[in-house]
């Protein structure tokens, strides 16, 4: 009954530990260290790592950058949202607001882009489907990451952070063209 | 001044005020669970796309209230009851400052009611996390603050009771392991509530206009210092309850006091770092910080859970083998009392918590793997395995133990109690596994319509995602049914259960002490240390609990395989840097 009685030894921290527990603790510790080292390992050898690049910004300031890109590289319009085709390797901007991802991007396969993301109002969730890349978009912060779309086709950005009653209406598009 | 009664079945001594407080908190917990369970039905039947029960506004409102009632009110009321039991009852001491304890209880009730009213009024459907700058009504935050202050008072009453027990020398030697684990939970709770105060008080002031701006990123970092740590209170509390249950049912003693206590200490030192799990794909936070914090400094808290995963069933195995269940690897487990809901509830909670909740938690808390999981329905699936089965089912099992002990009633409809842990865990496991699958396909959490009806652009999830969500819906309904069975047994026992003492009447079930004549002991005998163990070997090859070791290795194999499957999946998505 000693799990809820005081230990049978007054000096319980000097009692020897059984072999079975020692072995298990050893195995578990090794596994924990492997899992810990996997993360730095992936930073060096893996291809899916978030950058540490981010800036504090304001919605107005960020909006200006988005508008500049849209004015420069607009190639069409879909459902009232501009479709933008920036050159490969350039800085591309997308913003989340209630309840829209803006603008629609057209990218080239296997080219790298510096993708900037921010929110105009509340938290939003950038969930790129069906690739399944998920990022938290926080107002007041501009996140920058380099993406290299290695599959072509139509991709959808679903909002997966709750952002009010129109949350389920918030979709965006990224088209990746084969080259 | 006589104020203790002794339980004729177990020899536990109950302090009058501690007993009343345990009852009151347990009843408040059950009411919160009732609310959470009814709301759960609304959530799951809406996410089941073919049923799609609720309109959008009602869905988000229901989801907000479900989360808060289940994750905060049900769990924390119950934990306060556990703290009083683990201090006053286990240590045979009077409760410190019972009036303060009642004040704490009153504040918790007021806070819980106020918060529920705010959500019910409709302008506070902000989810449990209430991420600023999305704003709720001021009394939404104020309710949570009052609830937390009440819980904090409960923590200090617990600590005061430990001090009284020590001063009055009501026990020999060191604290029992169960109380030590409860102390762990209490220390984590104080850290948690401090984080909550740091973020919720300014947010409340912001909601009434005294502060102009709450930084959205800072809010997430600090809020999760409360939000995740509050789930770590649960881990410490339910592991303590596991030790209590194996002690009561099997006379089990820990395989090693040193190992189990060190594991609890690791929880105190490292579990709090886990708020990082929620901000792995946030802007503005460095990879070094993420790697160190998300792994609890090299997974030392995971190590602690893996240790408990061995020592809890291992201690039970040692006790069972000593009773003669020594055939093969698993006779100790086969011959366990599977028809007793205290046992089956505990053991199913242990298995589902470890195999599903634990493994998925570590996998999705890996810095880079989080990219393919963040905010998908994989996340709620994970925490339903840890909290809604691990913690909740453990507390259900403990309730079946407490009804005769504290409430002095026999279980109502014992056949229903017998089946309840199986129905509940089968339903929940079904829901969890299929939601994990749907999450892997990218289905979003906290999302009203996976068809995106009315959106300007369109998107369709693969057909499989719909099937997975439908099966998850069936599982969820079964889980709610299991929860209803628990409440029927519990409430039925309090109202109609056979009285084990003539004095235990209707009012006694709800916190009113029994007549003074029951409390005829002034000072219980001092609690003696556990008897020394004669050296006996029942296991094989120097292993005291070989069956448990096999189970532990099975867990490790699942863990390793699933962990690398997810890295493989991650490697297939677009390169990002």
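The values are calculated or read from the model by the stated rules, or taken from the named source; none is laboratory data. Predicted model only: the values in this text are computed from it and were never measured. Every residue, glycine as well, gets a Cβ built from its backbone with ideal geometry; the counts of neighbours run over all protein chains shown.
General remarks:
- Here the condition is being at pLDDT 95 or above, under 27 Å from residue B:527 (Cβ atoms) and out of contact with any helix residue (DSSP H, G or I) (no Cβ under 6 Å at 6 or more places or on another chain); of B:244, B:183, B:205, it holds for B:183 alone.
- Filter result for residue A:140 (in contact with a helix residue (DSSP H, G or I) (Cβ under 6 Å, 6 or more places away or on another chain), under 30 Å from residue B:124 (Cα atoms) and facing chain B (nearest Cβ under 8 Å)): yes
- Filter result for the condition that a residue is within 7 Å of chain B (Cβ to nearest Cβ) and over 42 Å from the mean Cα position of the chain (by Cα), over A:8, A:51: A:8
- Residue match in segment B:57-75 (condition: within 30 Å of residue B:460 (Cα to Cα) and either more than 25 Å from the chain's Cα centre (by Cα) or assigned by TED's automatic domain parsing to the domain that holds residue B:460 (or both)): yes
- Here residue B:286 meets the list (1) without any contact (Cβ under 8 Å) to a residue 24 or more places away in the chain; (2) within 22 Å of the chain's Cα centre (by Cα) almost entirely, failing just condition (2).
- Restricting attention to segment B:446-461, the residues being facing chain A (nearest Cβ under 7 Å) and within 24 Å of residue B:369 (Cα to Cα) number 2.
- Residue within segment A:143-156 that is more than 7 Å from chain B (Cβ to nearest Cβ), under 17 Å from the mean Cα position of the chain (by Cα), modelled with pLDDT of 95 or more and surrounded by fewer than 21 Cβ atoms within 10 Å (Cβ to Cβ) present: yes
- Of all residues in segment B:329-360, those that are assigned by TED's automatic domain parsing to the domain that holds residue B:396 and over 22 Å from residue B:415 (Cα atoms) total 11.
- Only listed residue being outside any helix (DSSP H, G or I) and either more than 8 Å from chain B (Cβ to nearest Cβ) or free of Cβ contacts under 8 Å to residues at least 12 places away in the same chain (or both), chosen from A:17, A:27, A:22: A:17
- Filter result for residue A:145 (in the same structural domain as residue A:61 (by TED's automatic domain parsing), touching a helix residue (DSSP H, G or I) at 6+ places or on another chain (Cβ under 8 Å) and either closer than 21 Å to residue B:373 by Cβ or part of a helix (DSSP H, G or I) (or both)): no
- Hits in segment A:91-106 - residues which are touching a residue at least 40 places away in the same chain (Cβ under 8 Å), crowded, with 24+ Cβ neighbours inside 10 Å and either under 16 Å from the mean Cα position of the chain (by Cα) or not assigned by TED's automatic domain parsing to the domain that holds residue A:162 (or both): A:96, A:101
- The residues of segment B:368-410 that are within 14 Å of chain A (Cβ to nearest Cβ), modelled with pLDDT of 95 or more and either surrounded by fewer than 24 Cβ atoms within 10 Å (Cβ to Cβ) or assigned to a helix (DSSP H, G or I) (or both), listed by number, are B:369, B:370, B:371, B:372, B:378, B:379, B:380, B:398.
- Scanning segment B:511-532 for residues that are farther than 30 Å from residue A:9 by Cβ and surrounded by 15 or more Cβ atoms within 10 Å (Cβ to Cβ) yields a count of 5.
- Pick from segment B:203-244, criterion under 16 Å from residue B:126 (Cβ atoms), over 17 Å from the mean Cα position of the chain (by Cα) and not in a loop (DSSP other than H, G, I, E, B), ranking: nearest to the other protein chains (Cβ to nearest Cβ): B:216
- Among the residues making up segment B:32-64, a single one is surrounded by fewer than 18 Cβ atoms within 10 Å (Cβ to Cβ), closer than 28 Å to residue B:108 by Cβ and away from chain A (no Cβ under 12 Å): B:38.
- Number of the condition not met by residue A:103 [criteria: (1) at the interface with chain B (Cβ under 9 Å from one of its Cβ atoms); (2) closer than 21 Å to residue A:59 by Cβ]: (1)
- Beta carbons closer than 9 Å, at least 6 apart along the sequence or on distinct chains, pair a first residue in segment B:184-195 that is without any contact (Cβ under 8 Å) to a residue 40 or more places away in the chain with a second that is part of a helix (DSSP H, G or I) and surrounded by fewer than 18 Cβ atoms within 10 Å (Cβ to Cβ) for B:190/B:156; B:190/B:159.
- Residue selection: residue A:77 satisfies the criterion of being away from chain B (no Cβ under 11 Å) and assigned to a strand (DSSP E or B).
- Single residue of B:476, B:427, B:483, B:439 found to be touching a strand residue (DSSP E or B) at 6+ places or on another chain (Cβ under 7 Å) and assigned to a helix (DSSP H, G or I): B:439
- Qualifying positions in segment B:91-112 - assigned to a helix (DSSP H, G or I) and more than 21 Å from the chain's Cα centre (by Cα): B:91, B:98, B:99, B:100, B:101, B:102, B:103, B:106, B:107, B:110
- So residue A:135, is it closer than 21 Å to residue B:570 by Cα, at the interface with chain B (Cβ under 7 Å from one of its Cβ atoms) and crowded, with 20+ Cβ neighbours inside 10 Å: yes
- Restricting A:109, A:129 to those that are within 11 Å of another protein chain (Cβ to nearest Cβ), crowded, with 18+ Cβ neighbours inside 10 Å and over 24 Å from residue B:216 (Cα atoms) reduces the list to A:129.
- Flag for residue B:261 being assigned to a helix (DSSP H, G or I), within 22 Å of residue B:299 (Cα to Cα) and in contact (Cβ under 8 Å) with a residue 12 or more places away in the chain: yes
- Only one entry in B:461, B:466, B:486 is in the same structural domain as residue B:418 (by TED's automatic domain parsing), surrounded by 21 or more Cβ atoms within 10 Å (Cβ to Cβ) and more than 30 Å from residue B:350 (Cβ to Cβ), namely B:461.
- Among the residues listed as B:147, B:180, B:85, the single one being away from chain A (no Cβ under 14 Å), in contact (Cβ under 8 Å) with a residue 12 or more places away in the chain and in a helix (DSSP H, G or I): B:147
- Any hit, segment B:292-306, residues being within 21 Å of residue B:199 (Cα to Cα), over 19 Å from the mean Cα position of the chain (by Cα) and in contact (Cβ under 8 Å) with a residue 12 or more places away in the chain: yes
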